[in-house]
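Right, one structure below, let's go through it.
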Amino acid sequence: MPVRLVLPADPLLGTPGQEVVARLWKRQQTSTGWLYQVGLPAYRNSEDGGVEVTEYRVWVRAPEHVRPVDGVDYDQVDTERLERTPQSTAREVLGARRPSGWVLQKLRGERGPARSVLHTPDCEEAPAGAPVLDLDQALDAAEHPGTRLCVLCGCAQELSPVLQGFDHLGSDGSDG
């Protein structure tokens, strides 16, 4: 199947970007988008010193590097799609997950009631190299009167309902 291949500009030669017609061999869906295998006509030197026609095949990203040719039906092109898994669907809907667990930051030399802060592991304020706590360990630490829950990283939003129960929520599911 013919496809338009977008060639890059070459600033050293001073040539602008251009489109040429190539042959589309295969399409492959990846986790980062689509790749198309295209063949470009070229020449190569033969063993007897002559020149012969050949094809140079390369994988390119779609749609950045390829364009359809008007009137061409691409339904017959060999196409590999990613299998949809429940995890990929959930990740697509919910977005990237944060690392599991929580970490405890001990505040040394601080005065006042808070002597430690509980964070998610990927919080900017979390101490580097601190051991990751599981849910039970995090809840034990959170119940200590000298511990506060970080609101910047969502630790407070995650653990407060578990610590306080859901009775503090109104009948409509909102606070109040």
**Q.** Filter result (of a type in the set (Gly, Ala, Ser) and open to solvent by less than 60 Å² (accessible area, probe 1.4 Å)) within the stretch 34-50
**A.** Gly39, Ala42, Ser46, Gly50
Q: Output the residues belonging to the stretch 32-64 that are among the basic types (Lys, Arg) and closer than 16 Å to Met1 by Cβ.
A: Arg57
Q: Within the stretch 56-79, track down each residue that is free of Cβ contacts under 8 Å to residues at least 24 places away in the same chain and of a type in the set (Ser, Thr, Tyr).
A: Tyr56
Q: Run Thr89 past the list (1) in contact with a Pro (Cβ under 8 Å, 6 or more places away or on another chain); (2) at pLDDT below 75; (3) not charged (D, E, K, R) and report the number of the one that doesn't hold.
A: (1)
Q: Evaluate the stretch 22-33: report whether one residue or more is assigned to a loop (DSSP other than H, G, I, E, B) and open to solvent by less than 60 Å² (accessible area, probe 1.4 Å).
A: no
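The values are calculated or read from the model by the stated rules, or taken from the named source; none is laboratory data. As the structure is a prediction and not an experimental result, all values here were calculated from the model. Positions of Cβ are backbone-derived with ideal geometry, glycine not excepted, and every protein chain shown enters the neighbour counts. Accessible surface is based on the protein model in full, side chains and every heavy atom, while ligands, DNA and RNA are left aside. Shrake-Rupley method; radii C 1.70, N 1.55, O 1.52, S 1.80 Å.
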